[in-house]
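*Asks:* Structure below; questions to follow.
No value in this document is a laboratory result; all are computed from the given coordinates. Here the structure is a predicted model, which means the values were calculated and not measured. Because the Cβ atoms are built from the backbone with ideal geometry, glycine has one as well, and the counts that use them run over all protein chains shown.
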Amino acid sequence: MVSTDIGGQVAGRLTSRDAALAAAFNPPRGQLAVITRYIRTHRAMQVGLLIVLGYALLAVIARLIAPYNPETATSATLQPPSLRHLFGTDVSGFDILSRVIAAPRVDITIAVTATLLALVIGTPLGVLAGFSRGVLGEVVSRIFDLIQAFPFFVLAITLLAVLGPSVVNLIIVVAVVNAPIYLRLIKSQTLYLRERTFIQAARVVGNTEFSLMFRHLFPNALPPVLAQVSINVAWAVILTAGVSFVGAGVRPPTPEWGLMISTGASNMFSGQWWVALFPGIALAVSTAGYALIADGLRDLSDPTRR
Amino acid sequence: MLRYAVRRLLIIPPQLLGISLVTFVIIRQVPGNPARAQLGQFASQDAVQRLATYLGLNRPLPEQFLIYLKNLLRGDLGQSWFTGHSVSSDLLVRFPSTLELITLGFLGSLIVAIPLGVLISLRGAGFFGRIAERFSFVYGLMAGAIPDFWFALILVFVFFHLLGVVAAPVGQLDLAVNPPPRITGMLVLDSLLTFNWVALLSAIGHLILPVATLVFVNAAPVLRMTRSSIANVMDSDFIRFSRANGLPDKLIIRYALKNALLPIITLSGVLYTILLSGAVLTETIFSWGGVGQYAVQSVVNADWFALQAVVLLTASFSLFVFLVLDLLYAVVDPRIKY
């Protein structure tokens, strides 16, 4: 997209898109330089990285720099932004700025953990579903088809009603809803790779099925799937906020963006815009950060776009 | 083609059976005693027990499931203990409203995104092209990052509170307006069919903001797919060959668009089903009173039969859309044969 000068250099070293990605995620010595050079020329990716790292920092230090305790109400209720409360206060007197910057610790943690969990659940099962020609693979695929046929949002809030609303359960639910994406991606990779010569060679020298799947095939199937992780984190943030918005997610007074937007929803009808505006902007900037990184990874994985 | 369609239709019942079973098992784990919920907290323990026995809640789960299936085959979806009506009559009222909302949102997204995508793809490399490229990048980023429920609230603030140009964003009609007689259950269609212009205007006024929300969020993926699909086709050998043969640009573009259509159709179909399950949030904000709100309500109230029916309805809808998609492939692309 932005990077034109790097194209020739990278293409010169790496011939296929698999190799480019493999290098991106598992760089041998020397090729790390290619990656850093790539990032240096890709402005969208730089901005994305900056945002994501900024939020990660906030998740760690927000409570130290927050002007008020994000979980304790002040006596000033529904105040518009002022010098005392830069982002104003909500109907119970919570300082919105303090809550907005404290929320990444909840939202980003849930989204990132859930995405990684989905990856851990989905990818081995995907290899299994793609590699085994027997009943087992078929069964795994059909089960995940079933999960995907469910209306995902209703599924998420139903599961939360069963498990009870808590951060841990929210992570589990977001992971379950997202795992089929990884299963599908890695299954299609596996179907393509399992006929390749290196797998046949590995089979001929006497590897077990398990070792074929997870030592030889899996590392080769993984890179294109990893490119999906970043955009998936963005979806997970929005889903997390969404279920909290309808009251099925984390409980007040936990500082969480969706919950804060839900608190301010009725205020929007009567003109107190600041209650829902600021958490929404904070959320959108963070998801945009992950989307920008995803953009960069996609360009990196697709030689025609580099 | 016909044989394929029949075969696909035959797979749907077992799929639905699987979905019903899973839903049934999951929902039975939702905490809350339906008999207690129905009678209220002041009812005696004895009465609750009697009702539970009457509803068959004390029987073993497999037996309950068989009874549920038997009723389902008779078209009886059970009773909602929250609304007090039969679930099928509840859904009959609510589903058309949701369908109207998401269909307009869906069509709006296609009408905005596909021409725009074509325009951007076929532009020259000049000044206008760069602006269009920039615009579609920024818009795509925003639409992917901004949660729909927040965007809806911003629209409400700007167009209802600040500018006052739309009706109060609550429900589907102004309270003072008499709803048109029920024909399809979709207000716009019914008002049109009965020439009720007052109701039509009011219904459209209430639809504008929720539909705008859906279009804003969902046009972006269609736009992106349109662009990449056209780019792929324009890069293909047969287009290069047509160019080499000296065919006029207009004809080449027509060839390209026809071939670029397939991935766009796929994505659109998936989007339509996502809209149905994602309508929950938009419906909640605009108090739409459709299936989405009904679903949330039934989760909150442990309204088992209602929730089961909603999941079944949404899943059947998705499976049906996917079937239509696959059949549409063969229509659009004569190379595909079933």
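*Asks:* Across the range B:196-209, in residue order, what do the Karplus-derived ³J(HN,Hα) couplings come to in whole Hz, using 6.51 cos²θ - 1.76 cosθ + 1.60 with θ = phi - 60° and x for Gly and Pro?
*Replies:* Result, rounded to whole Hz: 9, 5, 4, 5, 4, 4, 5, 5, 5, x, 7, 7, 3, 5.
*Asks:* Still on this structure, please answer the following. Which is farthest toward the positive dipole end of the protein assembly as shown among A:LEU239, B:VAL324, B:GLY164, measuring Cα position about the Cα centre, with Cβ charges +1 (Lys, Arg) and -1 (Asp, Glu)?
*Replies:* Working it through, the farthest residue towards the positive pole turns out to be B:VAL324.
*Asks:* Dipole magnitude of the range A:2-301 about its Cα centre, charges +1 at Lys/Arg Cβ and -1 at Asp/Glu Cβ only, in debye to the nearest 20? Before the final figure, lay out the partial values.
*Replies:* Working: 20 positive and 13 negative charges, 156 e Å.
Dipole size: approximately 740 debye.
*Asks:* Calculate how steeply helix B:127-145 sits against the longest principal axis of the alpha-carbon atoms of chain B, using the helix alpha-carbon long axis, and give the answer as 0 to 90 degrees to the nearest 10.
*Replies:* Helix B:127-145 sits at roughly 20 degrees to that axis.
*Asks:* What is the distance in Å between the Cα centroid of the range B:299-336 and that of the range A:102-148?
*Replies:* 22
*Asks:* Using the number of other C-beta atoms within 10 angstrom as an exposure proxy, rank B:TYR68, A:TYR290, A:TYR192 with the fewest first. Intermediate results must be reported in sequence, preceding the final value.
*Replies:* Details: B:TYR68 20, A:TYR290 28, A:TYR192 12.
Neighbour counts put them in this order, fewest first: A:TYR192, B:TYR68, A:TYR290.
*Asks:* Kindly write out, for the range A:236-243 in residue order, the coupling ³J(HN,Hα) from the Karplus curve 6.51 cos²θ - 1.76 cosθ + 1.60 (θ = phi - 60°), rounded to whole Hz, with x marking Gly and Pro.
*Replies:* With coefficients 6.51, -1.76 and 1.60, one gets 5, 4, 5, 5, 4, 5, x, 5 Hz.
*Asks:* How would you rank A:PHE218, B:PHE149, going from fewest to most other Cβ atoms within 10 Å of each one's own Cβ?
*Replies:* Details: A:PHE218 19, B:PHE149 26.
In increasing order of surrounding Cβ atoms, one gets A:PHE218, B:PHE149.
*Asks:* In degrees, nearest 10, range 0 to 90: what is the angle between the Cα axis of helix A:43-65 and the longest Cα principal axis of chain A?
*Replies:* Roughly 50 degrees, rounded to the nearest 10.
*Asks:* Exposure proxy check: B:LYS258, A:LYS187 ranked by fewest other beta carbons within 10 Å? Kindly include the intermediate steps, with their values, before the conclusion.
*Replies:* Details: B:LYS258 12, A:LYS187 25.
The order, fewest Cβ neighbours first, is B:LYS258, A:LYS187.
*Asks:* Positive end of the dipole of the range A:2-301, charges at C-beta (+1 Lys, Arg; -1 Asp, Glu), about the Cα centre: which of A:ALA284, A:SER166, A:GLY126 has its Cα farthest in that direction?
*Replies:* After comparing all options, I get A:GLY126.
*Asks:* Pop out the ³J(HN,Hα) list for the range B:66-80 in order, Karplus 6.51 cos²θ - 1.76 cosθ + 1.60 with θ = phi - 60°, rounded to Hz; leave Gly and Pro as x.
*Replies:* 5, 4, 4, 5, 4, 5, 4, 5, 7, x, 9, 8, x, 10, 8
*Asks:* Mind checking which of A:PRO180, A:HIS85, A:THR72 is farthest towards the positive end of the range A:68-197's charge dipole, using Cβ charges of +1 (Lys, Arg) and -1 (Asp, Glu) about the Cα centre?
*Replies:* Highest projection toward the positive end goes to A:PRO180.
*Asks:* Right, next: Angle, helix B:45-55 long axis vs. longest principal axis of chain B, Cα atoms, 0 to 90°, nearest 10?
*Replies:* In chain B, helix B:45-55 runs at an angle near 50 degrees to the longest axis.
*Asks:* Could you please state, rounded to a whole Å, how far the C-alpha centre of the range A:167-243 is from the C-alpha centre of the range B:266-290?
*Replies:* If we compute the Cα centre of each part, the gap is 28 Å.
*Asks:* Past the 35 angstrom mark, what percentage of all C-alpha to C-alpha distances in the protein assembly as shown do you count? Walk me through the numbers before you get to the answer.
*Replies:* Working: 99591 of 207046 pairs.
Tail of the P(r) past 35 Å holds 48 percent of the pairs.
*Asks:* In terms of modelled amide H atoms, which long-range or inter-chain residues lie less than 5 Å from the amide H of A:ASP95?
*Replies:* A:THR74
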